[in-house]
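Asker: Let me begin by handing over the structure; questions about it come next.
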Amino acid sequence: MWNYDFVLPELVILSIFLIYYFIQPRLPIKINRAFLIILIIDILTIIVDVISSACLEYCKDLSPIILRIQNVIYFILFVQRIICFFMFTIAIIGKPPRKSIFAIILDLLPFGIINILLIINLFANPIFRISESGQYSQGPLYFLIYVCAFYYVLLSMAYTIVYHKKISRNYFIACLVFNFILGLGYICRIAFPKHLIMNFFTLISIIVIYLSFQNPTLLLEEKSGLFNRKALVAVFNEIKPYKAPVILGFTIHNYNDLREIYSNTQIDICLNLIGDYLKHEFPYLKSFYLRDGRFVLLGKNSSEADFIHEKLFQRFKSPWTAETDVDVYLEISISQLDPVVFSYERDTVLTTLITTLNEIASKEKTVTQINSDSIKKIIVNKKVKRTIETAVETNSVELFLQPLVDSKSHKLIAAEALARLRDSHGNIISPTSFIPIAERNGRINALGEQIFTKTCKFIAEHDLEELGLEWINVNLSPIQFLRPDLAKRFSSIMNDYNIPPEKIHLEITEEAMIDFDLLNKQMQIMTEAGFLFVLDDYGRGYSNVARMKKCPFTNIKLDMEFVWDYFKEKDKILPTLVQTIKQMGFTVTAEGIENLEMATSMKEIGCDYLQGFYFSRPIPAEDFFTKYNPK
């Protein structure tokens with residue numbers, strides 16, 4: 001009567017999936033639990049389906065009541081399997097919890113109605129009938145089984161489409177595919193009722209789910225054998241803050257330098273050893289490796305944190321034996337999350353953790369606490385990042401100017417062009433906040449070019465001689481200085497405004513002098529194009545006099561901290577340095593001048609130009625013109 005050809009191979013394959021589920025490393029997240037439930041329910045459904053079908057076909061002497069109970073159990077499992085695939089889809093797309101009565105009815109009403117009808121079928125015949133002779137036939141409401149099945153397939157696909165922005169393109173396609181296969185299976189079940197073929201289609205759907213969402217290699221990092229960043233994101237999204245979990249990360253100091261010192265092979269072996277150590281020493285924790293020497297440990301009890309800190313620091317005092325004759329010594333710093341931070345968005349919390357791990361990678365052994373203040377800092381940075389994006393898209397970076405004056409007469413001689421951004425409330429964002437972010441996200445080139453363009457436009461539209469300006473300094477980020485087409489690009493902009501190159505001096509910081517060969521090559525190209533250079537923030541420690549002498553600078557600007565230190569404790573270092581610089585043929589500008597005493601002292605030790613709040617704060621370009629315009 002029924003065809004059982006598909007049953008045995010389906011059960012074998014499902015059993016293999018179930019065994020692998022338990023022997024492979026797994027995360028305690030909804031998607032994994034939902035997959036396990038699908039496997040169990042599907043296996044039970046197939047077994048009960050075979051038993052019920054066989055009893056109807058071969059066991060005519062069984063009581064009709066037993067046959068009725070068997071089939072009710074089968075249909076209940078059949079409906080449970082329908083809802084399990086639906087709930088798996090919900091787990092994948094991250095649909096928000098039900099909040100309205102309408103949403104609850106939409107998700108659960110058909111499921112509830114069918115289950116009630118199946119319970120009733122123990123006493124009546126709405127779904128199926130069992131005659132006194134044991135004959136099975138469909139009831140008047142049997143079609144509702146298929147209505148329920150197609151309802152949840154279509155609802156799953158609808159939710160997938162509605163929430164597609166919350167998941168990756170691959171996840172989106174996989175959700176649609178396995179639900180489509182389920183729908184096709186229900187159609188085949190209607191078309192071929194005597195074949196137990198529906199289970200074959202659920203098996204195909206499970207295979208798609210496994211390959212797309214459950215393959216353990218998708219969440220494991222190869223070198224360490226630990227869970228990867230994708231796995232950490234999945235766990236973060238489901239952490240219950242009221243359970244006060246312990247979440248800490250540690251990072252290996254100077255990881256990239258160590259790869260050059262010890263070799264990639266040896267460090268990779270060390271990563272594997274560290275992974276084995278974490279799994280063996282802390283089996284009750286979930287361990288993650290985020291690459292670049294960054295690890296994260298996650299547990300259930302925050303009171304364990306101090307013990308974990310001590311164990312980690314103690315272990316890293318000893319070498320990691322990468323090869324039989326090589327001992328690799330590594331140092332770490334630790335960062336721990338305060339559970340209260342989980343009141344913030346999970347993406348922000350994870351970003352804060354990773355940012356902190358990056359920041360402590362070059363520090364001495366330390367334990368850093370990530371609290372609400374840390375999170376707020378990241379939130380502010382996100383807002384600044386959005387402001388930068390807006391400024392780039394709308395060309396809304398503002399040009400401010402700060403005067404440089406002659407040290408003897410205090411007469412205006414030049415100005416420095418400075419970029420300023422405003423937040424959504426119109427407040428100025430500090431350059432120390434947005435410049436580093438713009439450099440990290442690659443927007444510094446666009447911002448720098450905007451300021452250069454607006455400086456050229458200001459020069460073209462105003463008579464610099466009337467203002468007493470001989471030139472305007474424009475800052476170049478070290479990131480900008482890496483562009484091979486910088487000279488060509490800036491020359492094109494200056495030609496558009498018919499500005500001679502000597503009217504703009506380019507300021508580069510000492511950081512740009514780290515790669516001296518690149519610096520020299522780029523400066524030579526731009527000098528040939530007519531550009532003049534100023535070394536900004538001299539005194540932070542990167543450059544030296546010998547290297548500086550080899551570069552075509554026209555002016556050296558002393559870092560304001562360097563100048564302020566001189567007034568805290570006067571010595572001969574700064575005066576001697578200024579004279580040395582002048583003897584090399586450079587002019588000298590002192591930054592950070594805040595009062596007449598500082599201005600007088602800097603003039604006396606030989607500085608040519610002065611800049612600071614004593615003369616003027618940076619002000620909008622048009623206000624600068626109004627202030628210094630003699631007319």
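Asker: For segment 343-451, which helices (runs of 4 or more DSSP H) that fit wholly inside it have 3 or more residues that are hydroxyl-bearing (Ser, Thr, Tyr) and open to solvent by 20 Å² or more (accessible area, probe 1.4 Å)?
Answerer: Result: 372-394.
Asker: Between 170, 215, 237, which is modelled with pLDDT of 85 or more and either aromatic (Phe, Trp, Tyr) or over 30 Å from residue 120 (Cα atoms) (or both)?
Answerer: 170
Asker: From (1) assigned to a helix (DSSP H, G or I); (2) without any contact (Cβ under 8 Å) to a residue 12 or more places away in the chain, pick out the condition that doesn't hold for residue 193.
Answerer: Among (1) assigned to a helix (DSSP H, G or I); (2) without any contact (Cβ under 8 Å) to a residue 12 or more places away in the chain, the lone unmet condition for residue 193 is (1).
Asker: Cβ-Cβ under 9 Å, sequence separation 6+ or interchain: first residue in segment 43-57 and free of Cβ contacts under 8 Å to residues at least 24 places away in the same chain, partner among the β-branched types (Val, Ile, Thr). Which pairs?
Answerer: 52/73; 55/66
Asker: Looking at segment 346-371, I want the residues that are under 21 Å from residue 310 (Cβ atoms) and have a partner that is assigned to a helix (DSSP H, G or I) and of a type in the set (Val, Ile, Thr) with Cβ atoms under 7 Å, at least 6 apart or on another chain. Which pairs are those?
Answerer: 366/360; 368/356; 368/360; 370/341; 370/352; 370/356
Asker: Pairs please, first residue from segment 556-570 and closer than 20 Å to residue 583 by Cβ, second anywhere and part of a helix (DSSP H, G or I) and open to solvent by 90 Å² or more (accessible area, probe 1.4 Å), Cβ atoms under 8 Å, 6+ apart in sequence or on different chains.
Answerer: 566/573
Asker: Please give the number of the condition residue 505 fails out of (1) open to solvent by 60 Å² or more (accessible area, probe 1.4 Å); (2) closer than 30 Å to residue 606 by Cα; (3) at pLDDT 90 or above.
Answerer: (1)
Asker: Another question, then. State whether one or more residues within segment 94-111 are surrounded by 13 or more Cβ atoms within 10 Å (Cβ to Cβ), under 41 Å from the mean Cα position of the chain (by Cα) and at pLDDT 90 or above.
Answerer: Within segment 94-111, one or more residues are surrounded by 13 or more Cβ atoms within 10 Å (Cβ to Cβ), under 41 Å from the mean Cα position of the chain (by Cα) and at pLDDT 90 or above.
Asker: A follow-up question, please. Report every pair of residues separated by at least 6 positions or lying on different chains whose Cβ atoms are under 9 Å apart, first residue within segment 162-179 and among the basic types (Lys, Arg), second in a helix (DSSP H, G or I).
Answerer: 166/93
Okay, residues lined up against (1) in contact (Cβ under 8 Å) with a residue 40 or more places away in the chain; (2) more than 20 Å from residue 270 (Cα to Cα); (3) open to solvent by less than 10 Å² (accessible area, probe 1.4 Å); (4) part of a loop (DSSP other than H, G, I, E, B):
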{"position": "288", "(1), (2), (3), (4)": "yes, no, yes, no"}
{"position": "291", "(1), (2), (3), (4)": "yes, no, no, yes"}
{"position": "304", "(1), (2), (3), (4)": "yes, yes, no, no"}
{"position": "314", "(1), (2), (3), (4)": "no, no, no, no"}
{"position": "317", "(1), (2), (3), (4)": "no, no, no, yes"}
{"position": "321", "(1), (2), (3), (4)": "yes, no, no, no"}
{"position": "333", "(1), (2), (3), (4)": "yes, no, yes, no"}
{"position": "340", "(1), (2), (3), (4)": "yes, yes, no, no"}
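Asker: Okay, moving on. Search segment 228-263 for residues being in a helix (DSSP H, G or I) and among the hydroxyl-bearing types (Ser, Thr, Tyr), and hand back the single one that is nearest to the chain's Cα centre (by Cα).
Answerer: 255
Asker: Let me ask another. Could you check residue 450 against (1) of a type outside the set (Asp, Glu); (2) at pLDDT 90 or above; (3) farther than 11 Å from residue 397 by Cβ and say which number it fails?
Answerer: (3)
Asker: If you don't mind, another one. Do we find a residue being more than 30 Å from residue 332 (Cβ to Cβ), crowded, with 18+ Cβ neighbours inside 10 Å and in contact with an Asp or Glu (Cβ under 9 Å, 6 or more places away or on another chain) anywhere in segment 169-192?
Answerer: No, segment 169-192 contains no residue that is more than 30 Å from residue 332 (Cβ to Cβ), crowded, with 18+ Cβ neighbours inside 10 Å and in contact with an Asp or Glu (Cβ under 9 Å, 6 or more places away or on another chain).
Asker: A further question on this structure: Taking the conditions exactly as written (among the aliphatic types (A, V, I, L, M) and free of Cβ contacts under 8 Å to residues at least 40 places away in the same chain), does residue 76 satisfy them or not?
Answerer: In short, no.
Asker: Being out of contact with any Lys or Arg (no Cβ under 8 Å at 6 or more places or on another chain) and at positive phi is the filter here, so list the residues in segment 276-335 that pass it.
Answerer: 292, 293
Asker: Please go through segment 68-79 and pick out each residue that is among the aliphatic types (A, V, I, L, M) and either assigned to a loop (DSSP other than H, G, I, E, B) or open to solvent by 30 Å² or more (accessible area, probe 1.4 Å) (or both).
Answerer: The answer is 69, 73, 76.
Asker: Also, I was wondering about something else. Criterion first (surrounded by 14 or more Cβ atoms within 10 Å (Cβ to Cβ) and out of contact with any Phe, Trp or Tyr (no Cβ under 6 Å at 6 or more places or on another chain)) does residue 82 satisfy it?
Answerer: So residue 82 fails the test.
Asker: So which of 624, 615 ends up being surrounded by 13 or more Cβ atoms within 10 Å (Cβ to Cβ), in a loop (DSSP other than H, G, I, E, B) and over 40 Å from the mean Cα position of the chain (by Cα)?
Answerer: Every option except 615 fails the conditions.
Asker: For the subset of segment 459-482 comprising residues that are aliphatic (A, V, I, L, M) and at pLDDT below 85, which member is farthest from residue 443 (Cα to Cα)?
Answerer: 482
Asker: Restricted to segment 23-38, and to residues that are open to solvent by 40 Å² or more (accessible area, probe 1.4 Å) and modelled with pLDDT of 90 or more, which residue is farthest from the chain's Cα centre (by Cα)?
Answerer: For segment 23-38, the residue satisfying everything is 37.
Asker: Name the residue, out of 445, 427, that is in contact (Cβ under 8 Å) with a residue 24 or more places away in the chain and either among the aromatic types (Phe, Trp, Tyr) or over 17 Å from residue 622 (Cα atoms) (or both).
Answerer: Within the list 445, 427, the selection yields 445.
Residue-wise test of (1) touching a helix residue (DSSP H, G or I) at 6+ places or on another chain (Cβ under 7 Å); (2) touching a residue at least 60 places away in the same chain (Cβ under 8 Å).
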position: 109; (1), (2): no, no
position: 127; (1), (2): yes, no
position: 150; (1), (2): yes, no
position: 159; (1), (2): yes, yes
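Asker: I'd like to check something: does segment 463-484 contain any residue that is assigned to a helix (DSSP H, G or I), surrounded by fewer than 20 Cβ atoms within 10 Å (Cβ to Cβ), touching a residue at least 24 places away in the same chain (Cβ under 8 Å) and touching a Gly at 6+ places or on another chain (Cβ under 6 Å)?
Answerer: No, because not a single residue in segment 463-484 is assigned to a helix (DSSP H, G or I), surrounded by fewer than 20 Cβ atoms within 10 Å (Cβ to Cβ), touching a residue at least 24 places away in the same chain (Cβ under 8 Å) and touching a Gly at 6+ places or on another chain (Cβ under 6 Å).
Conditions (1) more than 18 Å from residue 209 (Cα to Cα); (2) under 33 Å from the mean Cα position of the chain (by Cα); (3) part of a helix (DSSP H, G or I), marked per residue:
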| position | (1), (2), (3) |
| --- | --- |
| 137 | yes, no, no |
| 141 | yes, no, no |
| 144 | yes, no, yes |
| 149 | yes, no, yes |
| 152 | no, no, yes |
| 170 | no, yes, yes |
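Asker: Continuing with this model, one more query. From the list 65, 161, pick out the single residue that is modelled with pLDDT under 90 and either in a loop (DSSP other than H, G, I, E, B) or surrounded by fewer than 17 Cβ atoms within 10 Å (Cβ to Cβ) (or both).
Answerer: Selected residue: 65, the only one of 65, 161 that is modelled with pLDDT under 90 and either in a loop (DSSP other than H, G, I, E, B) or surrounded by fewer than 17 Cβ atoms within 10 Å (Cβ to Cβ) (or both).
The values are calculated or read from the model by the stated rules, or taken from the named source; none is laboratory data. Since the model is a prediction, treat every value here as computed from it, not as a measurement. Note that we place each Cβ from the backbone using ideal geometry, even for glycine, and neighbour counts take in every protein chain shown. Heads up: the accessible areas ignore ligands, DNA and RNA and are worked out on the full protein's heavy atoms, side chains in. Shrake-Rupley method; radii C 1.70, N 1.55, O 1.52, S 1.80 Å.
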